[in-house]
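Asks: Structure below; questions to follow.
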Amino acid sequence: ITGSYDSTIKLWDLVGGKCMTTLTHHKKSVRALAQPSFENTFLSGAADTIKKWQAKEGRFIKNFSGHKAVINALAINDDGVVVSGADNGTMNFWDYKSGYCFQKSETVAQPGSLDAENGIYAACFDLTGTRLVTGEADKTIKIWKQNENASEMTHPIDTKGWRKQCLTEARQRK
């Protein structure tokens, strides 16, 4: 699977060395791809949106809408947590199955760097899936870990917003 600045995604037959399918659903250049270990699907990220695809035929499944920046990096852990990292230093955390954005965060540029240098260019989870490693525009590599003291009381999930999003998507499918 490859993504391109011409806003296409190509699915390749590695044995034959040929392109099997070209997907043209993005309006902007595709800058990030990620594939989970637990199912045969993948995500693509661009300036317009994040899209989820079925990997074998390239069938479009759904949009992950809400990250209002150019997506440069995507990562997925085995718990189904997706992270999208963007040009402006924002990180959104998504549920892989539903596409719901349950947390937003922002990186901090290294002291002495310009504010314009807080973009995220690469992201991946470590083998445990609990630590996120990012490569950033300020020439740093940062390791993020989850807050062990976080609870539903200290970090509430917007269940009303999630329900509204799910109902809207269900209506659009009809």
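The values are calculated or read from the model by the stated rules, or taken from the named source; none is laboratory data. All figures in this text were calculated on a predicted structure; none of them were measured in a lab. In this analysis, Cβ positions are derived from the backbone assuming ideal geometry, glycine residues included, and neighbour counts consider all displayed protein chains. All accessible areas refer to the heavy atoms of the entire protein, side chains included, with ligands and DNA or RNA removed. Shrake-Rupley method; radii C 1.70, N 1.55, O 1.52, S 1.80 Å.
Asks: Which aspartates and glutamates does Lys18 reach when only Cα atoms under 20 Å apart count, and residues fewer than 8 places away in its own chain are ignored?
Replies: Partners within reach: Asp6, Glu57.
Asks: Between Ser105 and Phe60, what is the spin-label point distance in nm, taking each point 7 Å from the Cα along the Cα→C-beta axis?
Replies: Output for this residue pair reads 3.1 nm.
Asks: Under the rule a/c < 1.5 gives rounded, and otherwise a/b versus b/c splits prolate from oblate, where does the chain land using the Cα gyration tensor? Don't skip to the end; give the middle numbers.
Replies: Values: a/c = 1.66, a/b = 1.21, b/c = 1.37.
Oblate.
Asks: What net charge do the residues around Ser37 carry, taking every other residue with its C-beta under 13 Å from that of Ser37, with Lys and Arg at +1 and Asp and Glu at -1?
Replies: Numbers: positive: none; negative: Glu39, Asp78, Asp79.
Overall, the nearby charge balance is -3.
Asks: Same structure, new question: Counting only other residues whose beta carbon sits under 15 Å from that of Met20, what net charge do I get with K and R as +1, D and E as -1? Don't skip to the answer; put the middle values down first.
Replies: Working: positive: Lys10, Lys18, Lys56, Arg59; negative: Asp13, Glu57.
Once positives and negatives cancel, what remains is +2.
Asks: In the stretch 9-84, what percent of the accessible surface is made up of carbon and sulfur (1.4 Å probe, ligands and nucleic acids excluded)? Walk me through the intermediate numbers first.
Replies: On the way: 1850 of 3720 Å².
Carbon plus sulfur share of accessible area: 50 percent.
Asks: Also: If we count every other residue with Cβ under 14 angstrom of Phe125's Cβ, Lys/Arg +1 and Asp/Glu -1, where does the sum land?
Replies: Values: positive: Arg131, Lys142, Lys145; negative: Asp78, Asp79, Asp126.
Here the charged neighbours net out to 0.
Asks: Largest first, how would Leu127, Leu14, Leu114 line up by accessible area (1.4 Å probe)? Don't skip to the answer; put the middle values down first.
Replies: On the way: Leu127 185, Leu14 155, Leu114 115 Å².
Output order, biggest surface exposure first: Leu127, Leu14, Leu114.
Asks: As a test question: what accessible area, to the nearest 10 Å², does Ser113 have when a 1.4 Å probe is rolled over all protein chains in place?
Replies: In the full protein context, Ser113 sits at about 30 Å².
Asks: In addition: Could you state the accessible area per residue of the chain in Å², with a 1.4 Å probe and every protein chain left in place?
Replies: Numbers: 10650 Å² over 174 residues.
Value for the chain: 61 Å² per residue.
Asks: What is the extension gain from Lys97 to Lys145, computed as 0.36 nm multiplied by their sequence separation minus the C-alpha to C-alpha distance, in nm to one decimal? Show your work: numbers first, answer last.
Replies: Working: separation 48, 0.36 × 48 = 17.28 nm, distance 2.21 nm.
Full extension of this stretch gives 15.1 nm more.
Asks: From the backbone phi of the stretch 88-102, what are the Karplus-calculated ³J(HN,Hα) couplings (6.51 cos²θ - 1.76 cosθ + 1.60, θ = phi - 60°) in whole Hz, Gly and Pro given as x?
Replies: Each residue of the stretch 88-102 in turn: 8, x, 8, 10, 10, 10, 10, 8, 5, 5, 8, x, 7, 7, 9 Hz.
Asks: So, one more: Using modelled amide H (1.01 Å from N, peptide plane; none on Pro or chain starts), what sits under 5 Å from the amide H of Thr21, excluding residues fewer than 5 places away?
Replies: Those lying under 5 Å, H to H, from Thr21 are Leu11.
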